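Asker: After the structure tokens below, expect a handful of questions from me.
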Ligand code: GLY
């Protein structure tokens with residue numbers, strides 16, 4: 001964010017030192033800071049000149065930090081790659097970790113090349129983040145890590161879509177088992193008032209509508225535009 005703002009932008013290189021940064025935030029040029037009203041509300045698009053990812057560094061991470069990044073890795077499997085989803089039966093390490101990071105980055109690269117400024121298909125990358133950002137804000141950005149919030153956000157979105165006729169029962173059961181194996185939560189308590197307050201400030205909301213990502217089977221994520229209030233009314 002500093003590089004994007006200083007002198008209206010200077011060149012910079014990203015050297016991700018967490019799995020979360022390697023597969024998501026270092027790639028695609030989104031920079032931002034959180035405001036009291038919500039996450040990432042002030043920012044700019046600014047592409048790095050280079051992203052340098054050393055998987056040996058990732059192997060040195062404490063297990064809880066590594067697992068936290070796995071939520072975003074699992075997201076890529078659910079969203080766009082059944083092969084990746086199936087690979088994640090075990091926590092990735094060594095050469096598998098390199099292949100997994102590459103698969104995530106390639107998926108993100110392909111999406112960002114089609115929609116750098118997040119006006120359409122890039123919103124697919126928000127899978128799990130609609131409810132996830134609410135959990136992070138409700139917890140004051142301290143009670144839950146981003147990975148925990150995204151993990152619970154993906155399962156909550158699946159529960160929502162199943163309750164609203166979009167299907168996905170089998171995927172939800174598989175995802176819950178997978179997240180539990182990675183030590184990630186499958187639900188976070190949140191009341192309807194908090195949901196309404198936080199979702200109203202969500203960047204993906206436009207007036208009374210919001211675009212969310214639904215997935216019936218691993219690798220088949222798609223965008224659906226909905227009335228905003230349907231996300232807190234009749235919650236499963
Ligand atoms: N982290 C979501 C995106 O880069 O679009």
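Nothing in this text is a laboratory measurement; each read-out follows from the coordinates by a stated rule. All figures in this text were calculated on a predicted structure; none of them were measured in a lab.
Asker: So what's the convex hull volume per residue for the Cα atoms of region 9-59, in Å³?
Answerer: Hull volume normalised by residue count: 78 Å³.
Asker: Of the residues 113, 47, 161, which exhibits the maximal mean-square fluctuation in a Gaussian network model of the chain defined by a 10 Å Cα contact cut-off?
Answerer: Checking each option, the largest mean-square fluctuation is seen for 113.
Asker: What is the log10 of I(q)/I(0) for region 174-221, computed with the Debye formula using one identical point scatterer on each Cα and no solvent, at q = 0.31, 0.32 Å⁻¹?
Answerer: Log10 I(q)/I(0), no solvent term: -1.02, -1.04.
Asker: Given the -39500 (n - 2.57) contribution per DSSP H run of 4+ residues, what per-residue ellipticity at 222 nm results for the chain, rounded to the nearest 500 deg cm²/dmol?
Answerer: On the way: 9 runs with 104 residues, N = 236.
That comes out to -13500 deg cm²/dmol.
Asker: Using only the alpha carbons of the chain, determine the length spanned along each of the three principal axes and report them from longest to shortest in whole angstroms.
Answerer: Largest first, the chain extends 46, 43, 33 Å along its Cα principal axes.
Asker: Using Cα-Cα distances under 8 Å and only pairs 6 or more residues apart, what relative contact order does the chain have, in percent?
Answerer: Details: 382 pairs, mean separation 46.4, N = 236.
Across the chain, relative contact order equals 20 percent.
Asker: Given the options 54, 68, 191, which has the most mean-square fluctuation in a GNM of the chain, springs set between C-alpha atoms less than 10 angstrom apart?
Answerer: Ranking 54, 68, 191 by mean-square fluctuation puts 191 first.
Asker: Pulled fully out, how much extra length does the chain show between residue 56 and residue 222, if you take 0.36 nm times their separation in residues and subtract their Cα-Cα distance?
Answerer: Numbers: separation 166, 0.36 × 166 = 59.76 nm, distance 3.38 nm.
Roughly 56.4 nm would be gained on extension.
Asker: Against the 2.2 N^0.38 Å scaling, with N counting residues, where does region 99-228 land? I'd like the Cα-based Rg ratio to two decimal places.
Answerer: On the way: Rg = 14.5 Å, N = 130, 2.2 N^0.38 = 14.0 Å.
Here the answer is 1.04, to two decimals.
Asker: Using a 10 angstrom cutoff on alpha carbons, build the Gaussian network for the chain and name the most mobile of 124, 175, 50.
Answerer: Highest fluctuation among the options: 50.
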